[in-house]
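Below is one structure; the comments refer to it alone.
Here, each number is a calculation from the coordinates, and none is a lab measurement. As the structure is a prediction and not an experimental result, all values here were calculated from the model. Heads up, the Cβs are rebuilt from the backbone with ideal geometry, glycines too, and the neighbour counts pull from every protein chain shown.
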Amino acid sequence: MKIWDQGKLEPPFEPRSRNDRSYGDLDFKIHSPIPLSLAAEYAKGVAGLPDHTYLPLDYVANETRIITVRSADNYDDPLVGLMGYNPMHSNVSFSCVSYMWGNEEATELIELSGQQFLIRKNLDTFLRFVRKPGGGYMRFWIDAVCIDQNNISERNRQLPRILNVYEDADVVACWAG
């Protein structure tokens, strides 16, 4: 496990050109499904993003969610990524992010798998700060995003697993904002 204490988080993947809108050679050890009700609209590229809808985790497969965030050349470029579903201990490279939630409302937009997801400003700042220009992506496990906070049953089941998720991560980053 690598400790992040120098104010930088190096991307573990090769950069891509800005014009490459695909996820290139992304190793799809994780799958990134979207709800069937959105699949036709997503395929057509219908304008406007629907609100994010969580799909249930497969507890038999011991799944967790991991987000994959695309890079951007400019700090102000939109945050875009995928919400992936991944069995624990599956050798998928990702970083955990621990940050202060605070009392503020989630007002900042990130597009995940073609759906809009609202995050707090502190997390928005972190994701914009660590993403690199020139293409590529970074994977993160972030409790506020990867655990459905509105589903009490899921939240109660996932909270005891946080230590295991942190142990599986390549990097655990603490962001004080």
Segments 57-63, 83-89 sorted - mean Cβ within 10 Å per residue, highest first: 83-89, 57-63
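Tell me the net charge near I119. Cut-off is 15 Å between Cβ atoms, I119 excluded, with +1 for each Lys or Arg and -1 for each Asp or Glu. Present the calculation step by step, with values, prior to reporting the outcome.
On the way: positive: R65, R120, K121, R128, R131; negative: D51, E104, E105, E108, E111, D124, D143, D148.
That sum, taken over residues with Cβ under 15 Å, equals -3.
How much FRET efficiency would the formula 1/(1 + (r/R0)^6) give for N91 and E111, where r is the Cβ-Cβ distance and R0 is 22 Å, rounded to 0.05? Write out the running numbers ahead of the final one.
Details: r = 27 Å, r/R0 = 1.24.
Result of the calculation: an efficiency of 0.20.
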Vicinal HN-Hα couplings computed from phi for the stretch 130-140 (Karplus, 6.51 cos²θ - 1.76 cosθ + 1.60; Hz; Gly/Pro x): 8, 6, 9, x, x, x, x, 7, 9, 9, 9
Assigned charges on the beta-carbon of Lys, Arg, Asp, Glu; the stretch 71-177 dipole about Cα centre (debye): 200
For the stretch 154-177 and the stretch 108-138, distance of Cα centres in Å: 18
